1. Can you tell me how many residues within region 1-26 are modelled with pLDDT of 75 or more, touching a Leu at 6+ places or on another chain (Cβ under 9 Å) and surrounded by fewer than 17 Cβ atoms within 10 Å (Cβ to Cβ)?
2. Would you mind stating whether Glu123 is in a loop (DSSP other than H, G, I, E, B) and either at pLDDT 80 or above or over 15 Å from Ala167 (Cβ atoms) (or both)?
Amino acid sequence: MANRITGSVLRGLNALTARQWLLLLWAAAWGLVMASSLLQDWARLNACSLCILQRLLFILFGVFALLFALPSARVMQRLYRGAGVFLALLGSCGLGVAIYQTLMQSVPGLVPECSYSNPGPIERFIDWLGGVWLDLDLPVLSELFLATGECSSKEWVFLGLSLANWAAVAFLSFGLAALWATRRRKA
């Protein structure tokens, strides 16, 4: 029974066009952003600068997946491979950030810790991003980009994996799916 269901799902996914795959990736990326925001609020988690950067990369991945899915089929037929490569590169950036945070969490002291007393470019960018939305009096968006946690802290673990580990899995999956979806498919 499980094999029939799995086979049916795989056949259904294989039948999707490149545009449908990109829309699916858009929905998945933005769904993860919404889920992370709800989880942060529900479990009272403190997002760190790297968590916010990963959230921003998921948002960008979703935006570009949606933008690549919108043009006409004739225009996109030539651009889908480039779109897949671009999305895979964006996923690789997110994967790198997630692995860096995983190293912070797994082997303390191996890589430099995020610091509010001596902020680096990532911390300064995230603070600026949160402040922009706060200055515009948009509290929902300022909370989405407000970093209050420590990067090396594993505040929430599910099935033995931290949120940074799950983000790495998601970025890797999204990048591979974008490459696969845009390879020799109809628009």
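The values are calculated or read from the model by the stated rules, or taken from the named source; none is laboratory data. Just so we're clear, the structure is a prediction, and the values are computed from it rather than from any experiment. No Cβ is skipped: glycine too gets one built from the backbone with ideal geometry, and neighbour counts run over all protein chains shown.
1. Looking only at that region, the number is 1.
2. So Glu123 fails the test.
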